[in-house]
Each structure stands twice: as C-alpha cells, then as structure tokens.
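The values are calculated or read from the model by the stated rules, or taken from the named source; none is laboratory data. Note that the coordinates shown come from a computational prediction; the quantities given were computed from them, not determined experimentally. Backbone-built Cβ (ideal geometry, glycine too); neighbour counts: all protein chains shown. Protein only, heavy atoms only, side chains kept; ligands, DNA and RNA dropped before computing areas. Shrake-Rupley method; radii C 1.70, N 1.55, O 1.52, S 1.80 Å.
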Amino acid sequence: MLYALLVAAFATATVMAQPLAARAETPSSVDAFLSAYRCPVVDRLEQVYAGGDQRSDFNRYIAVTVPEHPHGYVQCIFGQHRTKLLCEASSGYYYSKRGEPRTFRLQPEALAALARLGFSSDDTAGNFQREFDVAGVPDFKTIADFMLMALHNGYGARAETRLRFNAPFARTTRSKCVPLS
C-alpha cells in the first residue's frame, strides 16, 4: 500500500512540478538530485528503522535540511512500533517565535508541489504532514525518493546542494554510499 501510494505521488509530482515550458529540464534536475542523494537517504533510513530498542519509537527519525532555504526540511519518523511512518515538510510555522506574527510562508508553487506529493496543505497549526502505514520492512528507496522529491520541488534542493542530515540512529552514511575518487 505504501509503495503504491508513494509511486503514484512521485510520478504525479515529477510530471506536474514545473510549468509545461520548464518540464523539459526537470528530469535531468530530478535525476541528478536523486542520483546524488538517494543512497545516503536510503542508507540512513535503513539504519533508523533497524537501530535502537525495537520496542521503542524514541529517536526513530530522520530529518533532511536544505541549508540555503530559510526553513526547508523534510523529516520522517517511524512510529507505533515501526508500523506507521509520519513525514513532515516544513511550513514555516515554527520559524517565528510563539505569539509573534508569521514571518515566513512557502511560495504557492512550493506548497502546490508538496500537496501533489500528498502532504496536507494546512499550515495554521504546524507543518505539512503525510502519514503512511508500514507493513513489514518498508521500501526505503521509495521513502527516500518521496523525501527527496519534497526537498527538490518544495524547497529548491538540487544535486549541488549540500543537504544536512539529523538521524540519531544514523549519524553517518556507511561506506557503500561514499563515491570512490
């Protein structure tokens, strides 16, 4: 179920993320970005899923940040004993201090791109969210592509972007993802 939903969202977002005139260059940008970051994200997702006390959901998350964006990140957490996956994309809601007026909102095109991936579009009380049922061992590649498409289409991340990772059970990428020079 998770795989089918993510594949459909990914395919729709890939085609519809840009205006018709820009679609010709989108695949190369998307392909280059996925090629650069798929392995490190998959690797960290695998470590997060397998790490720690299997009876606990504590620290079973990964957050990927676009440093050049004022508030661009996507984070996913495995919950309910690894049977659910909750993903959030930054709305900018938490950018301002509590009680102060909002100073940041995503551009309409970015919000539309996240909505095409299935994220909620309500930012009145927090981040944009999407939850999935996870049965058995998840398809980490599909989850990674989902997260990366949100970063690419929602926050402008590209292959040359130096993403930042926060995952307590996956502090580094294992050697299988490090390119040989």
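Values for this structure:
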| item | result |
| --- | --- |
| Residue order for ASP133, ASP139 - accessible surface, 1.4 angstrom probe, largest first | ASP133, ASP139 |
| FRET efficiency, SER28 to HIS81 (Cβ-Cβ, R0 41 Å, nearest 0.05) | 0.50 |
| Residue-level accessible surface for HIS81, protein heavy atoms, 1.4 Å, Å² | 120 Å² |
| Sparse-neighbour loop sites [trypsin sites (Lys or Arg not before Pro); the stretch 45-94; at most 13 other C-beta within 10 Å; DSSP] | ARG55 |
| Coil-residue trypsin sites (Lys or Arg not before Pro) of the stretch 138-181, DSSP, other Cβ within 10 Å capped at 11 | ARG162, ARG171 |
| Estimated distance in nm for a label pair at ARG171 and GLU109, the labels positioned 7 Å out from Cα along Cα-to-Cβ | 4.0 nm |
| Relative contact order (percent, whole number), the stretch 66-168, Cα cutoff 8 Å, 6+ residue spacing | 34 percent |
| Heavy-atom accessible area order for ASP57, ASP31, largest first, 1.4 Å probe | ASP31, ASP57 |
| Area of LEU163 that stays accessible when all protein chains are in place (1.4 Å probe, Å², to 10) | 20 Å² |
| Low-density loop cleavage sites - GluC sites (Glu not before Pro) in the stretch 92-181, where at most 15 other Cβ are within 10 Å (DSSP) | GLU160 |
